[in-house]
Every structure is written in C-alpha cells, then in structure tokens.
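Report on the structure given below.
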Amino acid sequence: MNDLQIRCATLSDIDTVLQFWRDAAEGTSISDDHDGVARLVTRDPEALLLAERDGTLAGTVIAGFDGWRCHLYRLAVHPGHRRQGIGGALLTAAEERFRALGGRRGDAMVLDHNEAAQHAWRAADYAPEPQWSRWVKHLDG
C-alpha cells in the first residue's frame, strides 16, 4: 500500500468529494452540499481526510473533534478499492489525529442495515453500544 497517500482536504477538493460520496458512500445527508463541506474544511482544516491512490480519490473519513468527543463520519471507500486496507489506513490516521488533540474515545454512526460497514468497523475494533440511540432534529427552515 505504498502508493496510498492520506492528506487533509482543501476547499478545492469539495466537488470531487461530493461526487465521490454519491458514488461510494451509503446514502447522502443533509450536510452533503458544497456549503456544508466548505464550512467543515474552513472550521477544521484537518478534519476531512482523503486517501488517494495514483492521484485518484479512493476513500474519505471525517475525523471531527469538538474538544470533548471524537466523531467519525463519512468513512467511505470506492467500490473498486475496497478490501485493500484503505478504510483501516483512514481510521488509523483519524485516531492519530484524535490522540494528538487529546481525544480519548472515537465514535461513529453506522447505518443499522449496512452490514459491510458494520464488518469494517468491527474489524477496526469498534463496537456498537446498544444502550444509545441517535436523536436528531433538522435545523433547516
């Protein structure tokens, strides 16, 4: 995997990342637009990590730290690059970021029906906590 490069996204990567998520991620979210990703990259320039192979985007993860908790979002690997260690390399980079910031526990949101993602998270030593539920209120409008 010597040809894999992991770097932080820049504002110029936004359109590529949005297209990548449409192709490689499981569904979309309310924040999956140019303005939402621009806010993320501007507010925390090291949060959106990109894995590139031969100059082509192969994977992403958002490693957000709010000063209290470490949150992982948008772990996605292009279907043509799966099962090659890219997701694990992205998680390792995210965890290194968290440790450097003083983070002590990472958490991720994983869709209940996405068995492939659940397998990947378990392989990286993450486990679900069935006593928690995600509560959401959309703030638009």
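Details
- Tensor-based shape of region 6-52 (alpha-carbon gyration tensor, a/c under 1.5 rounded, otherwise prolate or oblate): oblate
- Separation of alpha-carbon centers, region 102-141 and region 1-32, rounded to whole Å: 19 Å
- The chain, relative contact order [Cα under 8 Å, separation at least 6], %: 20 percent
- Region 1-82: relative contact order in percent, alpha carbon pairs under 8 Å with at least 6 residues between: 31 percent
- Accessible carbon and sulfur surface of the chain relative to its total accessible area, %, 1.4 Å: 50 percent
- Projected-area mean, region 61-141, by convex hull of Cα positions, square nanometres: 6.8 nm²
- Take each peptide in 78-85, 93-100, 112-119, 41-48, count the other Cβ atoms within 10 Å of every residue, and average; sorted highest first, the result is 93-100, 41-48, 78-85, 112-119.
- Global form of region 23-104, assessed from the alpha-carbon gyration tensor, a/c cut-off 1.5: oblate
- Ordered from largest to smallest accessible area (heavy atoms of protein chains, 1.4 Å probe), the residues ASP23, ASP3 come out as ASP23, ASP3.
- Accessible surface, the chain, averaged per residue in Å² (probe 1.4 Å): 67 Å²
- CYS8 paired with LEU101, simple spin-label distance in nm, labels 7 Å along Cα-to-beta-carbon: 1.0 nm
- With the simple spin-label model, which puts each label point 7 Å out from Cα in the Cβ direction, the GLN131 to GLN118 separation comes to 2.1 nm.
- Highest-MSF residue in the chain out of ALA123, ALA38, ALA51 [GNM, Cα springs under 10 Å]: ALA123
- Region 1-137 - Debye-derived log10 I(q)/I(0), Cα point model, q = 0.11 Å⁻¹: -0.37
The values are calculated or read from the model by the stated rules, or taken from the named source; none is laboratory data. Here the structure is a predicted model, which is why all the values come from computation and not from measurement. Cβ atoms come from the backbone with ideal geometry, glycine included; neighbour counts cover every protein chain shown. Heads up: the accessible areas ignore ligands, DNA and RNA and are worked out on the full protein's heavy atoms, side chains in. Shrake-Rupley method; radii C 1.70, N 1.55, O 1.52, S 1.80 Å.
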